[in-house]
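The next block holds one structure in the form of structure tokens; read it before the comments.
The values are calculated or read from the model by the stated rules, or taken from the named source; none is laboratory data. In this text the structure is predicted, and so the values were computed from the model without any measurement. We place every Cβ from the backbone using ideal geometry, glycine too, and count neighbours over all the protein chains shown.
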Amino acid sequence: MASIEILILILVASSIASYFLTKLNSFAGSILTIFSTMFVFVSLAYYGFNDTLITTVNILPGFTFEFTYLGAYFAIIVAFVYSMVSFFHPYFVDHYKYKNAYNMLFLLSLAGVLGAFFTDSFLQLFFFFELIVWTTMFLIPLGKSKSAAVSYFGFSAAGSLSMLFGIFVMFTNVGSFNIADGLASLSGTKAVLVFISFLIAGFAKLGVFPLHIWLPIAHGNAPHPFSPVLSGALVKLGAFVAVLALLKVSPASAMITAISMPFAHYIIAILGAVSIVFGTLMAIREDDAKKLLAYSSMSHGGYIIVAFSLLDSVALAGGFYHILAHALASAGAFMAIAAVARQTGTTKMSELGGIIHKMPITYIVYLVAIISMAGIPPMGGFISKWLIFQAVIDKGLIFIAIAVFFGSIGSFLYVFRPLAALFLGQELPQFKKTVKEAPILMLIPMVIITLLNMYTGILPNGILGFINKINVELGFFPLVINNPALTISGNNGTLFPALIAGVFGFGVVVAFIIFILLKKSRQVSLMDTYTAANFIHSEELLHYSVDFYAPLERLYEKYTTKMTDFYDALANKVKELGKLAKYLFMSKYVEVAVFWIVAILAFLLWGEL
Amino acid sequence: MKSTKFTEPRKLSKEEVDRKWWEIGDFFRRNSLWMLMYCTGCCAIELPPAMTSAYDMERLGMGPMATPRQADILLISGYLSVKSLRRVIYTYEQMSEPKYVVGLGSCPINGGIYHDSHAVINQLDQYIPVDTYVAGCMPNTESVMNGFVDLMEQIRDKTAKGWIKYKENNEWYKKNQKAALGEVIIHDEFHE
Amino acid sequence: MMNSMNNVEFLKGLMNQNFKIVETDVIDQYQVSFVLKQADVLQALVTLRNAGWIQMSYLSAVDWPDENKIEVVYILMNWERPVHIQIRTKIDRNDPVMPTIIHIYPGAKYYERECHEFFGVKFPGNPDYQKQLILEMWDDMPPLRKDFDPKAYSDRKFTKREYNEDYLVLSDQNDKKAKREARKERAESLKGGQKI
Amino acid sequence: MLLNILVGFAIAFFGFVLQTSVAGVNRKIIARLQKRYGPKWYQEFLDIFKLLSKRATSHGWIFDFGVIMALGGIIATAMFMPLTNNIVAFAGYDNFFIFVYLIAVGMLGMAMSASGSGNPYASIGVMRALTTMLAYEVPFMIIVLTIINTTGFSSLTEIGLFQQASGNTWFLIALPLGGIVGILSLMGMLGKKPFETYIAPAEIASGPMVEYGGKQLGMLFIMHEITVFIEVSLFVHLFLGGAENIFIFLAKYFAVYTFVNLISNVNGRLKIDQVVKFYYKWPLIMAITQAIIAIYFGWVVSI
């Protein structure tokens, strides 16, 4: 028996409690964070899967909640990522200036997330949205850079305002703030307006082209334990809003008969495709491991947008599964990087090397996460990418297919880079003594996420069954899954994930037997490598980690700054506008300001009076 | 008359099993010799005809390889200066066992025309074990091919035991190397 | 060519005007050699560098054991006026010291190290002229000095293969001196670029 | 299920034997092309068993683990491969994407192991291999998209049956531009010249394989042979109409591999950026043209 209201209240109460507790003892406060997030996740997952969450409101005035499978799915994923990340807090909060605020804001933002996913009214959705934006905005500057928070807030605010605009347009048209009724009964140009404004909000939150600039800045500079939350959980809010817009609003737009898709949705899919390509190309040339993963989040956001805009039940299921798979993969990868950053103090790949010798478990966690991220079986990412490919191929979307395949192959390139540069290779002398494996409390969530990454890739049918409920709720066909046989049927083929995993295991066993039967190898050190018979004594000279894909980067590096330049120019224009306003209103003479205010008021009220 | 009764097959001892395997391995090894060519001397000019259509080394299963790890034969073609001897020793030690060394030309045998140079060593087998020498300055291509066939026969007869000798008499080799080179592995501003 | 002869004339004028030249040797229209006093060398190099001889092609030495001198040779090149210049100076063989020229030609850093390694010339001012460059772990006198006996070194350092007496073909060691004489004569005869 | 797995393993083993023999025969053919006598046809077997018999050097557990993962992944991929219409281990599950992505596990294992050796040449080789993969995969996938979209199946046997049912209209002919792209991409996949930039023995000392010797190299050779088997069989099933029986399969297989090998032996080697530029120019344009013609206009050449 759990009520959403109770859960939110528990989170708010424990956030206040942890504020004071952390002040007394940061470890105890962090433990409280772990327990409350774990409690919320467990009760959500348990009651959510059994459809017994209670939505009645007894205490909070004015709030109304509604249980939807869509909201529950998102809420469970996000709460899971939150609860896993909270295990990192005991080791990280001490490094931050306002450690009590850190724990408090962390819990408050989870409360906001819960509210946003379970509310039934747009005004409340906006309220919770703002709660998340404001809490996270104060969390991000606790990391490396303050300006990161500014750019995060800028884009988030643009998204929120755009959503607010959409809400008001919808209200004037429909006369109700209710999510389900409101969106369904929209029509005409108002529907187009709402569609666009909601998508702007979704894109800004998801970090999809062209509203992606904040993503690497915020992800790269956020506190290490908060980056997994940002990438694995919070950007999924954008996916939630995008789902509302893409699937519930039907703007009037021409149908493209060749591919049986509305024009508006095709444009959105193209934007998603651009986002995939752009994120991939930028991730390939990034040196900071966290920023690299941030760009990969952008690319995966593109996949999610493509999946939802295809209006196909297979793609839809693929999109929802991708949200889960990417949340797990990106949380795993970011947590592994965070563990490395805690032990070494840097996330720059050019400064690291050979961490595997000291942190093998972290390495395995990262390896499994990137296998899932690259969409290679037997991990979760493969299932979702397979479903999305099915729909893309079935509809014959050539140009989107280019981006989808490019992103899929490109992801091998960029995920391999941290693996090679950061974990593999010679052990650099500065890390030989100081680095050791991450503490056990940090390994627990990482191992859990690794196991889940595998589980989602081997036995996806349980989760796909839940996704089918969402599909039905949204008015689409459920995905054909055969449960005792554990197979999934797409548009043009059948997938048997458990079989793939089993055969892969069999292959590895065979290879292992061959390996073990043969003569034992002679162990040599990593410095004893083929160097064309030259004597090299220092590790840095043999470790190849700078400019890994230089020949490829050279082909496109001229064009990489185009988008940032555009936004810089825009920012300059905004600054100038601000200066003008300042000049007009903030001058020494009060009369001038009063004059302008009166003038503007008069202008605004021109027709009314 | 022999007993027709079932006799327990004689249990092969571990050494014998190993020896059997080793003989099978020798068959593969002598039919697939991969070379790492250390071509610093003039004798290297005899290798292109040996490899291309004139003599076609590939029909013996031989071929060039890129790194010492993959190679079976270390082919020293011509004179070895003191500096390159260090690299040869380093390379030889990187090769995976079993490994063979072939010296081409008279310089690795006795110094050849460089016998009185301060920079060229005179006798390669003092520093690393050499399985086959091909004499001549420079040896013509037939003798190069003949040398390789000799090596194959040595492998078959189990006389190509240079790498075992190097392991067993390692101290002696190390002493010789030290006497000629000082240190094998150097560490200066060009080798950091 | 007119121009190239002018270059030589220009060069001779430049040098004679500023320095006391011990000996000038115009080998051909593209090569001139000046023998200078040791004290003048640095000044001459500075002058020539300013006059356009910006490339330091080589720096080496010649051992003259009979005179008990070592001759240091600088070879310069000008890309505007195609003349190679050799600046030669003889210094004491027992304690050969030559000031460094890395302030004039930074590239000379490695030539000086080589020269020290092979001839034992010291170059104070060059911070690492004593470090090893080409010969790794050399443990004898500089090997290009004439009184260094490579055969003796080789015999001492590298094991020789033992042969039966019958197989040995002993070369006549006395021949060598005559050969050297003949070589010298021939080199003299080739001076100036044409065979007499 | 156990029987299926055994059949699958038999197919993988058959693939290894087949490709190793075909590669040996091809070495002979190339030698004759160059007026040489050439090695024995079973030379590749000798090479592999010799490597397995040697005592290797190892650079730590990730070096060994990567090799095991590479070989395991490739064996697993080959187990899904149909030989003919009937000889297939897991009927119905020989999905095209399994081959493309399960092969990637093997590749990842090899890349990981190579980088784990700590040799910069190996890392450069891996970088080049991944870049080449980024180059050839996109045009190839567009053509495969066209094929799957036309047939409605992503199962290889079904695609083969579809071509046989339509009177042996192979996609190599039915989609002529696509066929050319398929061959070009196959050359990239097999790492044949001019796209063998990532091996480049004279330049980066055989790239990813630089640190391997002995059993690890032998296992990578086995892996390479099975990979070639998978890629050539993919081509046979996608473009050449599959195979009704094993002899047709063998004939088609041999023809494809020899054809590609002959082309590659009269070519030099491209630089890595030239490889990328090449694939993103003509093959991609051809692939898109073919896809538009076949999907949106429905024009497919038929005999």
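In this structure, D:ILE11 does not satisfy being away from chain A (no Cβ under 14 Å) and either over 30 Å from A:GLN426 (Cα atoms) or assigned to a helix (DSSP H, G or I) (or both).
Does segment D:212-222 contain any residue that is of a type in the set (Val, Ile, Thr), modelled with pLDDT of 85 or more and within 24 Å of A:GLY507 (Cα to Cα)? Full working, then the answer.
Keep residues of segment D:212-222 that are of a type in the set (Val, Ile, Thr), which gives D:222.
Restricting the remaining residues to those that are modelled with pLDDT of 85 or more gives D:222.
This time we only want the ones that are within 24 Å of A:GLY507 (Cα to Cα), so: D:222.
Within segment D:212-222, one or more residues are of a type in the set (Val, Ile, Thr), modelled with pLDDT of 85 or more and within 24 Å of A:GLY507 (Cα to Cα).
I'd like to check something: does segment A:506-519 contain any residue that is touching a residue at least 24 places away in the same chain (Cβ under 8 Å) and not assigned by TED's automatic domain parsing to the domain that holds A:GLY380? Steps first, answer last, please.
Here is the first cut: in segment A:506-519, the ones touching a residue at least 24 places away in the same chain (Cβ under 8 Å) are none.
No, the conditions are met nowhere in segment A:506-519.
Identify the residue in segment D:262-303 that is among the basic types (Lys, Arg) and more than 11 Å from chain A (Cβ to nearest Cβ) and, among all such residues, is nearest to the chain's Cα centre (by Cα).
First, pick out the residues of segment D:262-303 that are among the basic types (Lys, Arg): D:269, D:271, D:277, D:281.
Next cut, more than 11 Å from chain A (Cβ to nearest Cβ) only: D:269, D:281.
Details: D:ARG269: 19, D:LYS281: 22 Å.
Checked segment D:262-303; the qualifying residue nearest to the chain's Cα centre (by Cα) is D:ARG269.
Does D:LEU130 satisfy the criteria of being facing chain A (nearest Cβ under 8 Å) and outside any loop (DSSP other than H, G, I, E, B)? Against the criterion (facing chain A (nearest Cβ under 8 Å) and outside any loop (DSSP other than H, G, I, E, B)), D:LEU130 qualifies.
What's the total number of residues in segment D:35-59 that are out of contact with any Asp or Glu (no Cβ under 7 Å at 6 or more places or on another chain) and either without any contact (Cβ under 8 Å) to a residue 60 or more places away in the chain or in a helix (DSSP H, G or I) (or both)? Quick ask: steps written out before the conclusion?
Step one: of segment D:35-59, the residues out of contact with any Asp or Glu (no Cβ under 7 Å at 6 or more places or on another chain) are D:35, D:40-53, D:56-57.
Applying the additional criterion that residues be either without any contact (Cβ under 8 Å) to a residue 60 or more places away in the chain or in a helix (DSSP H, G or I) (or both) yields D:35, D:40-53.
Selection size over segment D:35-59: 15.
Please tell me if D:GLY182 is in a loop (DSSP other than H, G, I, E, B) and more than 14 Å from every other protein chain (Cβ to nearest Cβ). Full working, then the answer.
Values: in a loop (DSSP other than H, G, I, E, B): no; more than 14 Å from every other protein chain (Cβ to nearest Cβ): yes.
It is false that D:GLY182 is in a loop (DSSP other than H, G, I, E, B) and more than 14 Å from every other protein chain (Cβ to nearest Cβ).
Taking segment B:65-103 only, how many residues are assigned to a strand (DSSP E or B) and more than 8 Å from chain D (Cβ to nearest Cβ)?
Residues of segment B:65-103 assigned to a strand (DSSP E or B): B:73-77, B:81, B:97, B:100-103.
Still in the running and more than 8 Å from chain D (Cβ to nearest Cβ): B:73-77, B:81, B:100-103.
Residues that pass the stated criteria total 10.
Name the residue that is farthest from the other protein chains (Cβ to nearest Cβ), counting only residues in segment A:534-581 that are of a type in the set (Ser, Thr, Tyr) and not in a loop (DSSP other than H, G, I, E, B). Looking at the filtered set, the residue picked out is A:TYR567.
Does segment A:489-496 contain any residue that is within 37 Å of the chain's Cα centre (by Cα), more than 7 Å from every other protein chain (Cβ to nearest Cβ) and at pLDDT 80 or above?
Start the filter on segment A:489-496 by keeping residues that are within 37 Å of the chain's Cα centre (by Cα), which leaves A:489-496.
Restricting the remaining residues to those that are more than 7 Å from every other protein chain (Cβ to nearest Cβ) gives A:489-491.
Those still in the list that are at pLDDT 80 or above too: none.
No, that holds for no residue.
Go over the candidates A:PHE127, A:PHE155, A:PHE168 one by one and state the one that is of a type in the set (Phe, Trp, Tyr), in contact (Cβ under 8 Å) with a residue 40 or more places away in the chain and part of a helix (DSSP H, G or I).
After ruling out the rest, the residue left standing is A:PHE155.
Scanning segment B:37-55 for residues that are among the aliphatic types (A, V, I, L, M), farther than 19 Å from D:PRO39 by Cα and not in a helix (DSSP H, G or I) turns up just one, B:MET37.
I'd like the residue in segment A:499-533 that is assigned to a helix (DSSP H, G or I), surrounded by 20 or more Cβ atoms within 10 Å (Cβ to Cβ) and of a type in the set (Val, Ile, Thr) and, out of all such residues, is farthest from the other protein chains (Cβ to nearest Cβ). Looking at the filtered set, the residue picked out is A:ILE500.
Residues in segment B:104-129 that are without any contact (Cβ under 8 Å) to a residue 40 or more places away in the chain, closer than 22 Å to B:LEU151 by Cα and more than 10 Å from every other protein chain (Cβ to nearest Cβ): B:SER106, B:PRO108.
Scanning segment D:17-34 for residues that are in contact with a Ser or Thr (Cβ under 9 Å, 6 or more places away or on another chain), part of a helix (DSSP H, G or I) and facing chain B (nearest Cβ under 9 Å) yields a single hit, D:ALA31. Taking the conditions (1) surrounded by 24 or more Cβ atoms within 10 Å (Cβ to Cβ); (2) more than 19 Å from A:ALA233 (Cα to Cα) in turn, A:ALA307 satisfies each one other than (2).
Matching residues to (1) more than 7 Å from chain D (Cβ to nearest Cβ); (2) in a helix (DSSP H, G or I); (3) touching a helix residue (DSSP H, G or I) at 6+ places or on another chain (Cβ under 8 Å):
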{"position": "A:ILE376", "(1), (2), (3)": "no, no, yes"}
{"position": "A:PHE382", "(1), (2), (3)": "no, yes, yes"}
{"position": "A:LYS385", "(1), (2), (3)": "yes, yes, yes"}
{"position": "A:ALA391", "(1), (2), (3)": "yes, yes, yes"}
{"position": "A:VAL404", "(1), (2), (3)": "yes, yes, yes"}
{"position": "A:PHE412", "(1), (2), (3)": "no, yes, yes"}
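Name the residue that is farthest from B:PRO139 (Cα to Cα), counting only residues in segment B:37-80 that are of a type in the set (Ser, Thr, Tyr) and crowded, with 17+ Cβ neighbours inside 10 Å.
Filtering segment B:37-80 down to residues of a type in the set (Ser, Thr, Tyr) leaves B:38, B:40, B:52-53, B:55, B:67, B:77, B:79.
Going one step further and asking which of them are crowded, with 17+ Cβ neighbours inside 10 Å, we end up with B:38, B:40, B:55, B:67, B:77, B:79.
Numbers: B:TYR38: 16, B:THR40: 15, B:TYR55: 14, B:THR67: 25, B:SER77: 10, B:TYR79: 13 Å.
Only one residue tops the list, namely B:THR67.
The sole residue among B:ASP125, B:ASP116 that is at pLDDT below 85 and either over 22 Å from B:GLU142 (Cβ atoms) or surrounded by fewer than 24 Cβ atoms within 10 Å (Cβ to Cβ) (or both) is B:ASP116. Selection of segment C:110-159 for residues being without any contact (Cβ under 8 Å) to a residue 12 or more places away in the chain, basic (Lys, Arg) and loosely packed, with under 15 Cβ neighbours inside 10 Å yields C:LYS151, C:ARG156.
So for segment A:455-474 (the condition being within 14 Å of chain D (Cβ to nearest Cβ), in contact (Cβ under 8 Å) with a residue 24 or more places away in the chain and assigned to a helix (DSSP H, G or I)), does at least one residue qualify? Outline the logic, then answer.
Residues of segment A:455-474 within 14 Å of chain D (Cβ to nearest Cβ): A:457-458.
Applying the additional criterion that residues be in contact (Cβ under 8 Å) with a residue 24 or more places away in the chain yields A:457-458.
Then keep just the ones that are assigned to a helix (DSSP H, G or I); that gives A:457-458.
Yes, the conditions are met somewhere in segment A:455-474.
Restricted to segment A:1-29, and to residues that are free of Cβ contacts under 8 Å to residues at least 24 places away in the same chain and loosely packed, with under 14 Cβ neighbours inside 10 Å, which residue is nearest to A:GLY465 (Cα to Cα)? Within segment A:1-29, the match that is nearest to A:GLY465 (Cα to Cα) is A:ALA13. Test A:LEU32 against the criterion of being in contact (Cβ under 8 Å) with a residue 40 or more places away in the chain, in a loop (DSSP other than H, G, I, E, B) and of a type outside the set (Ser, Thr, Tyr), and give yes or no. So A:LEU32 does not fit the description; no. Would you call A:PHE226 at pLDDT 80 or above, hydrophobic (A, V, I, L, M, F, W, C) and under 12 Å from the mean Cα position of the chain (by Cα)? Criteria met by A:PHE226.
Evaluate segment B:32-52: report whether one residue or more is free of Cβ contacts under 8 Å to residues at least 24 places away in the same chain, at negative phi and of a type in the set (A, V, I, L, M).
Scanning segment B:32-52 turns up at least one residue that is free of Cβ contacts under 8 Å to residues at least 24 places away in the same chain, at negative phi and of a type in the set (A, V, I, L, M).
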